[in-house]
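A short write-up of the structure that comes next.
Every number here is computed from the coordinates shown, using simple stated rules; none is lab data. The shown structure was predicted, so the numbers you read here are calculated from the model rather than taken from an experiment. For neighbour counting, all protein chains shown are included, and Cβ atoms are generated from backbone atoms with ideal geometry for every residue, glycine included.
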Ligand code: SF4
């Protein structure tokens, strides 16, 4: 999978939410504030891959998901889908993007319209997709006709020139002549600008000298020597300009003569009679064909999908997410929590997207239903090759479903890698602390739940340097000033960590990291660490 080109590429994406500035702040000149929800995130997802995105609440995971789904515009950065960059418009590009990337929202109750029945909720996506395909289908014939005409004109032109070698030679000469004239004019203007700059410099220096050697009070203007010098400079400058103008005119006249002579010569080019006849026949035969109407593929897209078609397609789709087909006419409130989540899933998958963003798909469900939903996701991925971006707090779900995992803290990625690598051998101190806080179903280990101390800093004023520095036990002075880049560790492109001391802290166990008073490699004296919970 590592050699497959990425399906989705996210490059340095930034999302800030500017806050309204009060009158008092404006009068006092206090700069506008913004919530730095996502700051310079880069990641890639390959076809058929699941990337888990974990982190504390408020770390920017959901905002990143919304930016990728283009429900929110990015403040900066680039999004690419199958190598095609996302445009900023709201037109067909956005429709095509949403056709390929679907999102399952965090709250299935709030994201389903309570007035619609199950088939209508899911059918909305089908109707929207039909509308988009109709737009493309309507525009496609016009594009094909336009491209066909252009191709025919180009071919006709090529054949005509083949019959008239003199014309081809004349056109080529004309192109060269124009390019040469433009190049010479540019060189002349540049030379003239340089000469003028030199002249002004010399006059400026003369003025300085006049000031430095100013005659006594009472006398008027600069000394006669300075005046004479200035007149000489101006005279030389004007003479040089006149000389260059004359040279330019002579050169242009000479080139013009040469060009006309070459044109005359080119106009005498003739083909041997047999060759001339062959080419002329080919040209005439092509002209006789005229402009045949291109074969336009008819794309039958109805104006609107009928109620019957939608009901049938939803009826077929419901079993794929584990819902019985006879619940077509139920309202969302008549489903259980798991049922509503499946309904959301069916709405996202019915249009066959390439990437599904799953925002906490199991957070509102009990453990048994969580397992069912996750199993269904894995099965659907195997069947249809969907890629998933799984945004969750549930590390067990990530371990079960994801191929790779990215850890986010305060709007930035701090660690990315294979799911086993990151979850079993975390390197970044934040990842270690996050994973150490996950409850383990083991009676002996229940007493050793660790947590990182300190408050998560505000997103209005993220700390300079490493954002984890105020809570990190390994913090050094460099961390407080220099933002650590997300860099490869041990030369492995698939494992990246944003920490200045990644190599030093890689082998420190989470228990050592967070146990009170435990020795850690050169910890900052003022940053004693967390407590057992
Ligand atoms: S060691 Fe420094 S760079 Fe690494 S996580 Fe801690 S504060 Fe950040």
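So what's the projected area for the range 205-329, the Cα convex hull averaged over all directions, in nm²? Numbers along the way, then the final one.
Numbers: hull surface 121.1 nm².
It is 30.3 nm².
Given N residues in the range 1-148, what is Rg(Cα) / (2.2 N^0.38 Å)? Present the calculation step by step, with values, prior to reporting the outcome.
Working: Rg = 19.5 Å, N = 148, 2.2 N^0.38 = 14.7 Å.
After normalising by residue count via 2.2 N^0.38 Å, the value is 1.32.
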In Å, descending, principal axis extents of the Cα set of the range 296-425: 53, 46, 28
For the pair residue 492/residue 291, report the inter-label distance in nm, with labels modelled 7 Å from Cα in the Cβ direction. 6.1
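Kirkwood-based Rg over Rh for the range 343-408 (C-alpha set), two decimals? Write out the running numbers ahead of the final one.
Working: Rg = 11.4 Å, Rh = 12.3 Å.
In the range 343-408, Rg relative to Rh is 0.93.
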Share, in percent, of DSSP beta bridges within the chain that are antiparallel, nearest 5: 60
Can you grab the distance from the C-alpha centre of the range 302-354 to the C-alpha centre of the range 250-301, Å, no decimals? 61
Ranked by Cβ crowding within 10 angstrom, fewest neighbours first, how are 280, 62, 458 ordered? 458, 280, 62
Using r as the Cβ-Cβ distance of residue 212 and residue 149, and R0 as 60 Å, what FRET efficiency do you calculate, to the nearest 0.05? 0.25
Label-point gap, in nm, between residue 201 and residue 329 - each point 7 angstrom along Cα→Cβ: 9.1
For the range 61-197, just list the percent of Cα-Cα distances falling in each 5 Å bin from zero outward, please. 2, 7, 9, 10, 10, 9, 7, 7, 9, 8, 7, 5, 3, 4, 2, 0, 0
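Pulled fully out, how much extra length does the chain show between residue 116 and residue 84, if you take 0.36 nm times their separation in residues and subtract their Cα-Cα distance? Please list the in-between numbers first.
Details: separation 32, 0.36 × 32 = 11.52 nm, distance 3.57 nm.
Extra length available between residue 116 and residue 84 comes to 8.0 nm.
Pulled fully out, how much extra length does the chain show between residue 11 and residue 182, if you take 0.36 nm times their separation in residues and subtract their Cα-Cα distance? Please report the intermediate quantities before stating the final value.
Values: separation 171, 0.36 × 171 = 61.56 nm, distance 4.07 nm.
Separation in residues times 0.36 nm, less the Cα-Cα distance, equals 57.5 nm.
Can you check what the Kirkwood hydrodynamic radius comes to for the chain, Cα pairs only, in Å to one decimal?
On the way: mean 1/r = 0.0327 Å⁻¹.
Hydrodynamic radius (Kirkwood, Cα pairs) of the chain is 30.6 Å.
Could you calculate the contour length gain from residue 277 to residue 142, that is, 0.36 nm times the residue separation minus the distance between their Cα atoms, to one decimal place in nm?
Working it through step by step, the gained length comes to 44.9 nm.
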Over the Cα atoms of the range 231-288 the radius of gyration and the largest Cα-Cα distance (Dmax), both in Å, equal 24.6, 74
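Eigenvalues of the Cα gyration tensor times 5, then square-rooted: what semi-axes does that give for the range 10-71, in whole angstrom, largest first? Show your work: numbers first, answer last.
Values: eigenvalues 209, 24, 16 Å².
For the range 10-71, the semi-axes come out at 32, 11, 9 Å.
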Fewest to most Cβ atoms within 10 Å: 393, 333 sort as 333, 393
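Among 408, 132, which comes first, then next, by fewest other beta-carbon atoms within 10 Å? Each step should come with its number before you reach the end.
Values: 408 24, 132 18.
The fewest-first ordering by Cβ neighbours comes to 132, 408.
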Quick check for you: which residues of the range 123-162 have the amide N under 16 Å from the point 7 Å beyond the Cα of residue 301 toward its beta carbon? 125-144
